[in-house]
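Written out below as structure tokens is the structure these notes cover.
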Amino acid sequence: MSTGQELLKQRLAHIEERIQAACERAGRKREDVKIVAVTKYVDAQTIGDLLDIGIGHIGENRLQDALPKHEQYGDRGCWHFIGHLQTNKAKDVIGRFSYIHSLDRLSLAQELNKRAEAAGQVVSCFLQINISGEQTKFGLSPDDVLAFLRETSNMKHIKIDGLMTMAPVVENQEEARPVFRGLAEWQKRINEWEFPHAHVTELSMGMSNDFEVAIEEGATYIRLGSVLVKPE
Ligand SMILES: *Cc1c(COP(=O)(O)O)cnc(C)c1O
């Protein structure tokens, strides 16, 4: 095993302990929380190392960086697109990424639906909601969620399987808790509406600085970058 892989395994072991402790505190099963390794800081080689040590989910946030990496390793693992997606790039994610975490507007939904239809696919999307209300954050405003679901309900080639949010950067992860709890409340509300295209089972929330609190509040995908792969 290479030194790169050794280091990743050590970090993963430490992260694993923290995930398990958070699951125990919340009375959740460990297998209900999946790690998406966010590889935006690192080269393709590290993605190979992650796949080799058993990480199954790879997350990238910029398409132009992701494409060559996907070219090399796309046949392994499950790829997640987690960053802001320009409408004119929607065609490039179809068939490459299993999950789009950043569906945040109608124009993008229309384009994804159109491109997925042309490819004969149904694309699994997570609706990104701006729970914190920060101006700097992407995401649909909570006020627009119901209208968005109505307007997308006739799109046969996208389905909304999850919700995603980003918490504000805070000193203490406890301060992020209301944002995560707010997303979980949206999951409940949306599922009560029973839109056929929006059975929300996944919550993509929690990053290196706040994943434990996110797990306590119900995260099913935590997106871990720096804590796992950031070069020293
Ligand atoms: C970079 C990024 C992450 C990972 O951030 P870390 O704090 O390094 O864990 C998660 N989600 C998104 C959308 C990102 O862009």
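The values are calculated or read from the model by the stated rules, or taken from the named source; none is laboratory data. What you see is a predicted model; the values in this text were computed from it and never measured. Backbone-built Cβ (ideal geometry, glycine too); neighbour counts: all protein chains shown. Remember, those area values only see protein heavy atoms, side chains included, never the ligands or the DNA or RNA. Shrake-Rupley method; radii C 1.70, N 1.55, O 1.52, S 1.80 Å.
Odds and ends about this structure:
- Net charge dipole, region 106-232: roughly 520 debye, given to the nearest 20, about the Cα centre with Cβ charges of +1 for Lys and Arg and -1 for Asp and Glu.
- When you count the other C-beta atoms within 10 angstrom of each residue and take the mean per peptide, 36-42, 122-128 line up highest first as 122-128, 36-42.
- The mean sequence separation of alpha-carbon pairs under 8 Å and at least six residues apart, normalised by the residue count of region 1-113, gives a relative contact order of 20 percent.
- Seen from all directions on average, region 121-199 presents a Cα convex hull projection of 5.5 nm².
- Sequence of Leu103, Leu7 when ordered by accessible area, the most exposed leading, probe 1.4 angstrom: Leu7, Leu103
- Computed over neighbours whose Cβ is under 15 Å from that of Arg115, the net charge equals +3, Lys and Arg +1, Asp and Glu -1.
- Normalised contact order of region 87-232, rounded percent, pairs of Cα under 8 Å and 6 or more residues apart: 20 percent
- Apolar share of the accessible surface for region 1-160: 44 percent from carbon plus sulfur atoms, 1.4 Å probe.
- When the convex hull of its Cα atoms is viewed from all sides, the chain shows a mean projected area of 12.4 nm².
- Per residue, the chain exposes an accessible area of 47 Å² to a 1.4 Å probe, with every protein chain left in place.
- Total lysine pairs in region 3-224 at Cα distances under 19 Å, for residues eight or more apart or on different chains: 15.
- Estimated [θ] at 222 nm from DSSP helical runs (n ≥ 4, -39500 (n - 2.57)) normalised by residues in the chain, nearest 500: -12500 deg cm²/dmol
- Check: the chain dipole with +1 on Lys, Arg Cβ and -1 on Asp, Glu Cβ, in debye: 500 debye
- Given charges at Cβ of Lys, Arg, Asp, Glu: region 3-224 dipole, positive-most of Pro168, Asn113, Leu183: Asn113
- Net charge of neighbours whose Cβ lies under 15 Å from the Cβ of Asp92, counting Lys and Arg as +1 and Asp and Glu as -1: +3
- For region 3-224, with +1 on Lys and Arg beta carbons and -1 on Asp and Glu, the positive-most of Asn130, Thr3, Phe148 along the dipole: Phe148
- Using C-alpha pairs under 8 Å with a sequence gap of at least 6, the mean separation divided by the residue count of region 61-151 gives a relative contact order of 23 percent.
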